[in-house]
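See below for the structure under consideration.
The values are calculated or read from the model by the stated rules, or taken from the named source; none is laboratory data. Bear in mind that the values here come from a model prediction, so they are computed numbers and not experimental data. Positions of Cβ are generated from backbone atoms using ideal geometry, with glycine treated the same way; all protein chains shown enter the neighbour counts.
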Amino acid sequence: MILETSRTRLRRWSHADRDAFAVMHADPEVMHDNGGPISWSESDAKLDLYMASQEEHGFSRWAVETRAGEFLGYAGIMASGPDHVLDQHVQIGWRLVRQGWGHGYATEAAQAALTDAFDRVGLDEVIAYTAADNLRSQAVMTRLQMRRDPSRDFVMDYAANKGWRGLV
């Protein structure tokens, strides 16, 4: 299955994506909101999780590329674990290589992923959260016409982000 927008293609992951995925996760600027770069093995584990989610749930983060096939990053939905501070939910997220920033690709791809989440997957709710200082992601959420719910903001410890505060 492939989702196409006017400028992007969202597709399932393949093992051939591992290098580009790991390079994206090694970029300090791209990974600033998540405590910094992650290792190649951590990136591989993340990609394995996305691939397993697609098989188990029929949805995941999608690989995002230009219509010409240039890797841009990812956008899509993931189910939370049962131990998440917000209980179980489905969250949309996106991450793009630095060269993809500022062109509207995140909004375009995330909108396609949201449409798929509601139309094909049949979800009633998808949430997004980001760090208080991640103004780029907050702007994407606004362009997606998501509504802020401060009553669901949370703080959690994970990875290198001790006391990370999520704005929902």
Open item on the list: Just checking, does region 82-98 include any residue being surrounded by fewer than 20 Cβ atoms within 10 Å (Cβ to Cβ) and aromatic (Phe, Trp, Tyr)?
Closed with: no
- [ ] Can you give me the number of residues within region 2-14 that are out of contact with any Lys or Arg (no Cβ under 9 Å at 6 or more places or on another chain) and either hydroxyl-bearing (Ser, Thr, Tyr) or modelled with pLDDT under 95 (or both)?
- [x] 1
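Within region 116-159, can you find the residues that are assigned to a helix (DSSP H, G or I), of a type in the set (Asp, Glu) and surrounded by fewer than 13 Cβ atoms within 10 Å (Cβ to Cβ)? Even if it seems obvious, please write down each step before you answer.
First, pick out the residues of region 116-159 that are assigned to a helix (DSSP H, G or I): 116-119, 135-143, 150-152.
Then drop every residue that is not of a type in the set (Asp, Glu), which leaves 116, 119.
Listed by number, the list holds a single entry, Asp119.
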TODO: Name the strands (runs of 3 or more DSSP E) wholly inside region 1-70 in which the number of residues that are loosely packed, with under 15 Cβ neighbours inside 10 Å is 2 or more.
DONE: 2-4
- [ ] Mind counting the residues in region 92-134 that are among the polar types (S, T, N, Q) and modelled with pLDDT under 95?
- [x] 2
- [ ] Tell me, please, whether a residue that is loosely packed, with under 14 Cβ neighbours inside 10 Å and of a type in the set (S, T, N, Q) can be found in region 104-112.
- [x] no
